[in-house]
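The values are calculated or read from the model by the stated rules, or taken from the named source; none is laboratory data. In this text, all values refer to a predicted model and were calculated from it rather than measured experimentally. A quick note on method: Cβ atoms are made from the backbone with ideal geometry, for glycine too, and the neighbour counts reach across all protein chains shown. Please note that ligands, DNA and RNA were not included when accessible areas were found on the heavy atoms of the full protein model with its side chains. Shrake-Rupley method; radii C 1.70, N 1.55, O 1.52, S 1.80 Å.
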Amino acid sequence: MSSGAPIVTLATDVAIVGAGPNGMALAAHLKALGVDRLVIGRPLSTWRDHMPAGMLLKSEPYASDISAPRPGYRVSDYCRSAGAGYVERSVPLSRERFIDYASWYERELVGDVVCCHVSQLQRIREKFLLHTDDGQRISARRVVVASGPVAFAHIPEVLGSLGPELVTHSSQENDPAKWRGRRVAVVGAGQSAVELAALLNEAGAEPELLARERSLVFNVASEPSRSVWACLRRPTCRLCESWHCWGYYHFPDLFRALPERVRRDKGYNFLGPSAAAWLRPRVEGCLAVSTATRVLGAAPMTSGARLVLGTGGQRREAVYDHIVAATGYRVDISRLGFLVPELCRAVDGRAGPPVLSRSFESKVPNLYFVGCMAAASLGPSNRFLAGTHFMARRLVRSLCHRGRGAG
């Protein structure tokens, strides 16, 4: 006779929710130390399903490595083993090359992954119970949420009257070619907006980039090599090349000492909105760009959507076949979906990112959050591949210390 208790099909010490770069880096480091861990997620689903074909990484190749527990697993190592070309600086990696590298990293260092999504996470006494979309029940003593930014995609309220057939977030646009011959408005001024507009144009669509900023900002082109003087003026780190990047990257504990308002702003607005220098010749003079422009209203039509746009006090209307909101992400853990309400409230009763300790632990003991969810607590590096390096070292140290204590 059933007792009503959930049937546990798997049990582990550390469950890692998410199989992107953060989840894989943590799993690889824990595996190297013999810690019992389980990765749950579809490997690289954000990169495969939510980034456009033909995309190039904004980060330099030397800054696009996933943290590994031993040498030999950088992008350059993969390219050398695969006989592929590699230039450390100024020549960006393609999305496809990065996926090949990360898949190789997964095969070599991570091993088995439970290839499904977590549909519910709850705490039962001193352990966590994870329900998956394929019906499994996984018991874990500790859980690390590394699920990536897609759940936090932000579409401005002014576009809310348009249904999903007329407006999508840039994270839903992985195939620019499907809009060939169609007029598409891309709202935004950051890397994803500018690059998507360029890819749409090159795929035969008719994009118009609508940016609130007075002008598009393109980063300074990186040099193939750097002099000693250039390195002193603008020191190199995986986050970017400047003294403030260097400080954010190397001193996340000092970042924690900043006021919360400042941490939220710097954690999520640092470096943006701006686009890579190599995008400039693919945009300027190639496609329609409307700067200092706000979307004031939106209405569906029989075919397409009408936007009311404001530029310098002047209003105009324009009709598009589709709208893409490349308007970033707003981290709010209540949007994760799989956290049961009582657990979500226990993590943080307010909307927004979780408040985390220096070891990425939330207010709920043994529940950790990494990646973009950690940016407001431990700095902007956590939004990028650069963040896997500090995160893996710090969190593994904490998990191993806790493991010894529990034993």
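May I ask you to list the residues in the stretch 199-236 that are within 25 Å of E284 (Cα to Cα), over 26 Å from the mean Cα position of the chain (by Cα) and surrounded by fewer than 18 Cβ atoms within 10 Å (Cβ to Cβ)?
G204, E206, R214, E223, P224
The rows are residues; the columns are (1) basic (K, R); (2) modelled with pLDDT of 90 or more; (3) open to solvent by 20 Å² or more (accessible area, probe 1.4 Å).
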| residue | (1), (2), (3) |
| --- | --- |
| R238 | yes, no, yes |
| E241 | no, no, yes |
| Y249 | no, no, yes |
| P252 | no, no, no |
| K266 | yes, no, yes |
| N269 | no, no, yes |
| S274 | no, yes, no |
| A277 | no, yes, yes |
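Considering only residues that are within 19 Å of L57 (Cβ to Cβ) and small (G, A, S), which ones fall in the stretch 214-241?
Result: A221, S222.
Take the residues of the stretch 273-308 that are assigned to a helix (DSSP H, G or I) and free of Cβ contacts under 8 Å to residues at least 60 places away in the same chain: which is nearest to E213 (Cα to Cα)?
The selected residue is A277.
Looking only at the stretch 365-381, count every residue that is open to solvent by less than 10 Å² (accessible area, probe 1.4 Å), at negative phi and over 12 Å from the mean Cα position of the chain (by Cα) and tell me the total.
Looking only at that region, the number is 6.
Give me the pairs: first residue in the stretch 114-137 and farther than 18 Å from R37 by Cα, second residue acidic (D, E) and at pLDDT 95 or above, beta-carbon distance under 6 Å, and six or more apart or on different chains, which are they?
Pairs found: none.
Any residue at all in the stretch 219-232 that's closer than 30 Å to P156 by Cα, out of contact with any Phe, Trp or Tyr (no Cβ under 8 Å at 6 or more places or on another chain) and not in a helix (DSSP H, G or I)?
Yes, the stretch 219-232 contains a residue that is closer than 30 Å to P156 by Cα, out of contact with any Phe, Trp or Tyr (no Cβ under 8 Å at 6 or more places or on another chain) and not in a helix (DSSP H, G or I).
Yes or no, residue by residue, for (1) polar (S, T, N, Q); (2) touching a residue at least 60 places away in the same chain (Cβ under 8 Å); (3) surrounded by fewer than 21 Cβ atoms within 10 Å (Cβ to Cβ):
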position: V324; (1), (2), (3): no, yes, no
position: S334; (1), (2), (3): yes, no, yes
position: F338; (1), (2), (3): no, yes, yes
position: P353; (1), (2), (3): no, yes, no
position: S362; (1), (2), (3): yes, no, no
position: R383; (1), (2), (3): no, yes, no
position: H389; (1), (2), (3): no, yes, yes
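Which ones in the stretch 53-64 are in a loop (DSSP other than H, G, I, E, B) and either farther than 21 Å from N219 by Cα or in contact with a strand residue (DSSP E or B) (Cβ under 6 Å, 6 or more places away or on another chain) (or both)?
A53
Any idea which residue in the stretch 79-124 is farthest from A63 (Cα to Cα), counting only those that are in a strand (DSSP E or B) and β-branched (V, I, T)?
I124
Would you call S76 farther than 28 Å from A203 by Cα and open to solvent by 60 Å² or more (accessible area, probe 1.4 Å)?
It is false that S76 is farther than 28 Å from A203 by Cα and open to solvent by 60 Å² or more (accessible area, probe 1.4 Å).
Can you confirm whether V295 is open to solvent by 20 Å² or more (accessible area, probe 1.4 Å) and under 23 Å from S170 (Cα atoms)?
Answer is yes for this residue.
Take the residues in the stretch 366-384 that are assigned to a loop (DSSP other than H, G, I, E, B) and at pLDDT below 95; name whichever of them is farthest from L130 (Cα to Cα).
Per the criteria, the residue is G379.
Those residues that are buried (at least 22 other Cβ atoms within 10 Å of the Cβ) and within 16 Å of the chain's Cα centre (by Cα), I need them from the stretch 171-189; list them, please.
Within the stretch 171-189, S171, E173 qualify.
Mind checking which residues of the stretch 147-161 are open to solvent by 10 Å² or more (accessible area, probe 1.4 Å) and either aliphatic (A, V, I, L, M) or under 24 Å from the mean Cα position of the chain (by Cα) (or both)?
S147, G148, P149, V150, A151, A153, H154, I155, P156, E157, V158, G160
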